[in-house]
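See structure below.
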Amino acid sequence: MATSLITKTLNSIKNPKLLRPLTRQFTSIATVQSENPSSSFTFADSDSNSSSSCNDSNIYMRKGPPNCNVKGEKDSSSVTMPMSSMTGSIVGKRFYKQVTTREADDGNGWNVMLDYRTLKTPSKRPLKLPTLALAKAIAAEWDYQQTDGIRPFTMPLMKLACTALDRVPLTRPKIIEHLMKKFSQDLVFCRAPEDNVLTSGVYERQVEKFDPLIGWIKSEFGFKPVVHSCLFGGKQEEGLVKAIENLLKQTDDCQLAVIDAIASAAHSLIIAVGIVKGKLDIEEAIELIRLEEDFQVDTWGLVEGGHDIDIADLRVQISSAAVFLGLSRK
């Protein structure tokens, strides 16, 4: 069910380059908490409930009042994601039967429903999504969860949605400042030493793959980036810095969440901007990000349990961000 639902959802993306399968999913803790003490979910742990003899990873449900109208009662309870969201563990058994979507009460957006409970963000606001396609994709992530446990690392779209709704509106200036602080050290601007026998091959690949992107930056923003071979980066023209900064300020919350996620995974703001602007697809971005490491793998071989896991993890991070971007566009 989840597979067919997410397939239908991804078909709504106009850019076919974004329709890449997600090979592995990651991060976002699920816990649940009450808005109404008489009808709620709670997550029990050893710190908050020392009297409990149950397993710390279980999620418990408190029954609602006998006269609770399951289908019709508005905001009778909710499911809230916690602030902590970095784990690869299973966090309790599946506590819901049906996952659906519905239009938000104000008609501006879409909610995800676990049975009759509205899914909420860590700040306890309804998870109101800009498009039905994105709501259905996140609903598919929740519907995918098995009865033996909820696996947060299989819900990357949920994590990005919570970031866009909770973190970005409150910390937008700091996010932009952080991105621009590392701009001079961007992966695309870095070149391996040309005159070294160990790195000359890397340099040739960088010229072949990075230079077309450098040319696109010049045509798009009017300034040609300065390339360098220093690990600490090189100073870029003030005009280019201002142009990129202005672009970030003009993004909506979903776009900035995607740019921040991709830039963090890629060590490159330029690659993130390239994906958002439609210059790069997922595979092209991954090839650029892994250019140097792939050269080393070609030369010395692949380390199983190391390189292969890194590749899978990177593919999930870039693919999920690109898919989130496509599904969030109205």
Past 21 Å, Cα to Cα: identify those pairs from Lys174/Lys224; Lys120/Lys159; Lys224/Lys277; Lys235/Lys277, in the order given. Lys174/Lys224; Lys235/Lys277
Ignoring ligands and nucleic acids, Val297 exposes an accessible area, probe 1.4 Å, in Å² to the nearest 10, of 30
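When the Kirkwood radius is taken over all Cα pairs of the stretch 78-151, what Stokes-Einstein diffusion coefficient follows at 20 °C and 1.002 mPa s, in µm²/s?
Values: Rh = 12.7 Å.
The estimated diffusion coefficient comes to 168 µm²/s.
Go ahead and run the numbers for FRET between Asn196 and Arg172, Cβ-Cβ distance against an R0 of 56 Å, rounding to 0.05.
On the way: r = 42 Å, r/R0 = 0.75.
FRET efficiency, Asn196 to Arg172: 0.85.
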Would you pull out the residues with amide H under 5 Å of Ala104's amide H, same chain only if 5 or more places away, H placed 1.01 Å from N? Gly109, Trp110, Asn111
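Take each of the peptides 154-161, 169-176, 243-250, average the number of other beta-carbon atoms within 10 Å over its residues, and list them starting from the highest.
On the way: 154-161: 25.5, 169-176: 13.6, 243-250: 15.1.
Highest mean packing first, the order is 154-161, 243-250, 169-176.
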Amide hydrogen neighbours beyond the local backbone of Thr118, cut-off 5 Å, H modeled: Ser77, Val79
Using per-residue counts of other Cβ atoms within 10 Å, averaged over each peptide, order 300-307, 268-275, 124-131 from highest down. 268-275, 124-131, 300-307
What is the sum of charges, Lys and Arg at +1 and Asp and Glu at -1, for the other residues whose Cβ falls under 15 Å from the Cβ of Ala261? 0
Between Glu103 and Ser123, what is the spin-label point distance in nm, taking each point 7 Å from the Cα along the Cα→C-beta axis? 2.6
Kirkwood estimate for the stretch 166-328, i.e. one over the average of 1/r between Cα atoms, Å: 16.5
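The values are calculated or read from the model by the stated rules, or taken from the named source; none is laboratory data. All of these numbers come straight from a predicted model, not from anything done at the bench. Cβ sites come from the backbone with ideal geometry, for glycine too, and all protein chains shown count toward neighbours. Accessible surface areas use protein heavy atoms only, side chains included; no ligands, DNA or RNA. Shrake-Rupley method; radii C 1.70, N 1.55, O 1.52, S 1.80 Å.
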